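The values are calculated or read from the model by the stated rules, or taken from the named source; none is laboratory data. All figures in this text were calculated on a predicted structure; none of them were measured in a lab. In this analysis, Cβ positions are derived from the backbone assuming ideal geometry, glycine residues included, and neighbour counts consider all displayed protein chains. Only protein heavy atoms, including side chains, enter the accessible area calculation; ligands, DNA and RNA are left aside. Shrake-Rupley method; radii C 1.70, N 1.55, O 1.52, S 1.80 Å.
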Amino acid sequence: MRYIIPFLTLIMILLVACQKTDNDNGDTTDLIKIDSLTASFYTVKAWDTTTITCFARGDSITYGWECDHGNFNGGGLQIRYAAGQCCVGLNTITCTVSNKEGIVSDTVKINVTLYIDD
Amino acid sequence: MIKMIRKTLFLLMSIFISGNILGQCCSAGNPFFYGELSSLSKKNLQLVTGYKYGTAIRYFSGSDPIDIKFVDQAWFNYLTFQVIYGLTERLTIQGDIGYFMNKIETYLIEDWVTSKGFGLGDANITLKYLVYSNFKKHLQIVPAIGVTLPVGVFDQEVNHVKLPITVQPSSGSFKYQVSLFINKGTKNSKFNFTLFAMYEYAQLINSENFYYKYGNQLLFSFLTSYSLTRKLSFALELRNENRARALRNDDQTVESSGFSLVYLIPHLSWAFYNNWFVAVNTDIPVYKYYNGIQLSNAFSVSIRLSYTINFGKKDLREFAVN
């Protein structure tokens, strides 16, 4: 019994210590501006690809990409996106543009549909 | 002599199977890895290190293969380290940590670059309690509870592009397990049987950019082992893994998630020197059913090395008559 309390305490500490925080997007800035974030197709069948392009202005900017579901290929201002049947639904693609002055981001939604229609 | 065989067989059995973290190849999180299942005697410390290679090569729709031209092959090379300590004669604590040397997907789409993740996976803490042990009946029952901690890498990027979740080393999710281990010997000291069942509940991941809940998992395993020599054992296991469908944004069910799998798993284990054990096994899927369309597991192979140190008196509690 004397080990139960220390063990539960340890678990509680780990649960708190390991909580992931939401992404910190850093300081927003007026020195970077995203002009457009567009996709060649906004609805794609599972495993088909769409090309997503982000045009932004700023000095020495870097493009970062993430999505809640799916796969990327490429990098920079243009990227290809595809998602399998695991990711059917409306998926959010986030483009983050940054330099030493700060960071801005925008999102685009891509609807992934079933590979084989019911 | 019989006692020696039983002792060796029991120790080999106890490292054959483990309620470690479950993960389909190749999805986020640690793969299933065999380790210590039983409880240890008081002040016994067991150190386990292991390596696992797993691969997935075909898409399945239900129980049938389907031709999908996307992922060509997926595989991983994985290391694990476990520390197990007998707190009392009945209570054992176990810690596990995993590390992916690599976790790779290659693609059939032209110019699509290989995705490669690596790094620290999930950690796991398990508390096991020996509720029943009877040497005369050759029976031992050990329930356990555990928690998986997503301490590893879940947001790995390459050139500022986030890798797909399937090659992220960590699952990103807390998971909670309850399990039951039953070991039953026979009058023939060379045979031994083990039953293992586990239920795992996955906690919702709800961050700014990601809302996802892995399906809960139910596992059953039946294993029989035979002592070939005093130190060499062979075991055959039948394991059934069932995972429910996942949930995503707005609690939508992910139709192409969840599965029911049956593996046939031969094990070979060898005890050497004092308290050293090495074991190899391979997971061969004999039945696969995937909800929707998913990349399916092919096979995996593991090797595990274990060493036990006794800091207490030189007894083996598993032979104590209840």
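Which residues, counting only those in segment B:66-83, are within 23 Å of B:Val301 (Cα to Cα) and within 14 Å of chain A (Cβ to nearest Cβ)? Matches in segment B:66-83: B:Val71, B:Asp72, B:Ala74, B:Val83. When B:Leu163 is tested against (1) touching a Gly at 6+ places or on another chain (Cβ under 7 Å); (2) open to solvent by less than 10 Å² (accessible area, probe 1.4 Å), only condition (2) is not met.
Within the option set B:Phe118, B:Phe100, B:Phe81, being open to solvent by 10 Å² or more (accessible area, probe 1.4 Å), touching a residue at least 12 places away in the same chain (Cβ under 8 Å) and closer than 30 Å to B:Tyr290 by Cβ holds for one residue only, B:Phe118.
Taking the criterion of being over 27 Å from B:Asp251 (Cβ atoms), modelled with pLDDT under 95, within 11 Å of chain B (Cβ to nearest Cβ) and open to solvent by 40 Å² or more (accessible area, probe 1.4 Å), the only residue of segment A:72-114 that qualifies is A:Gly74. Highlighted here are the strands (runs of 3 or more DSSP E) found entirely within segment A:1-71 that include at least 3 residues which are more than 8 Å from chain B (Cβ to nearest Cβ) and at pLDDT 95 or above: A:33-39, A:43-45, A:49-57. Checking B:Asn188, B:Asn124 one by one, the residue that is closer than 27 Å to B:Leu264 by Cβ and either open to solvent by less than 30 Å² (accessible area, probe 1.4 Å) or within 15 Å of the chain's Cα centre (by Cα) (or both) is B:Asn124 and no other. For the criterion of being modelled with pLDDT of 95 or more, crowded, with 21+ Cβ neighbours inside 10 Å and of a type outside the set (Lys, Arg), B:Asn297 fails.
Selection of segment B:120-139 for residues being in a strand (DSSP E or B), over 13 Å from B:Ser41 (Cα atoms) and in contact with an Asp or Glu (Cβ under 9 Å, 6 or more places away or on another chain) yields B:Asp122, B:Ala123, B:Asn124, B:Ile125, B:Thr126.
Table: residues versus (1) closer than 19 Å to B:Glu241 by Cα; (2) among the polar types (S, T, N, Q); (3) without any contact (Cβ under 8 Å) to a residue 60 or more places away in the chain.
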site: B:Leu163; (1), (2), (3): no, no, yes
site: B:Tyr176; (1), (2), (3): yes, no, yes
site: B:Ile182; (1), (2), (3): yes, no, yes
site: B:Ser189; (1), (2), (3): no, yes, no
site: B:Met198; (1), (2), (3): yes, no, no
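Of the residues examined, B:Ser173 is not one that is over 15 Å from B:Asn30 (Cβ atoms), touching a Lys or Arg at 6+ places or on another chain (Cβ under 8 Å) and crowded, with 16+ Cβ neighbours inside 10 Å. Flag not set for B:Ser61, criterion: more than 12 Å from every other protein chain (Cβ to nearest Cβ) and of a type in the set (Ser, Thr, Tyr).
Test B:Asp72 against the criterion of being open to solvent by 20 Å² or more (accessible area, probe 1.4 Å), of a type in the set (Asp, Glu) and part of a strand (DSSP E or B), and give yes or no. Yes: the conditions hold for B:Asp72.
When segment B:84-99 is limited to residues that are assigned to a strand (DSSP E or B) and among the hydrophobic types (A, V, I, L, M, F, W, C), the one that is farthest from the other protein chains (Cβ to nearest Cβ) turns out to be B:Ile84.
If you check B:Tyr199 against the conditions, is it part of a strand (DSSP E or B), over 30 Å from B:Lys137 (Cα atoms) and of a type in the set (Phe, Trp, Tyr)? Against the criterion (part of a strand (DSSP E or B), over 30 Å from B:Lys137 (Cα atoms) and of a type in the set (Phe, Trp, Tyr)), B:Tyr199 does not qualify.
Table: residues versus (1) modelled with pLDDT of 95 or more; (2) at the interface with another protein chain (Cβ under 10 Å from one of its Cβ atoms); (3) within 30 Å of A:Ile79 (Cα to Cα).
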{"residue": "B:Ile141", "(1), (2), (3)": "yes, no, no"}
{"residue": "B:Pro164", "(1), (2), (3)": "no, yes, yes"}
{"residue": "B:Phe174", "(1), (2), (3)": "yes, yes, no"}
{"residue": "B:Lys184", "(1), (2), (3)": "no, no, no"}
{"residue": "B:Asn188", "(1), (2), (3)": "no, no, no"}
{"residue": "B:Glu200", "(1), (2), (3)": "yes, no, no"}
{"residue": "B:Leu228", "(1), (2), (3)": "no, no, no"}
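For segment B:232-259, name all the residues that are within 20 Å of B:Phe60 (Cα to Cα) and either open to solvent by less than 30 Å² (accessible area, probe 1.4 Å) or not in a strand (DSSP E or B) (or both). Within segment B:232-259, B:Arg239, B:Glu241, B:Ala244, B:Arg245, B:Ala246, B:Val254, B:Glu255, B:Ser256, B:Ser257, B:Gly258, B:Phe259 meet the criteria.
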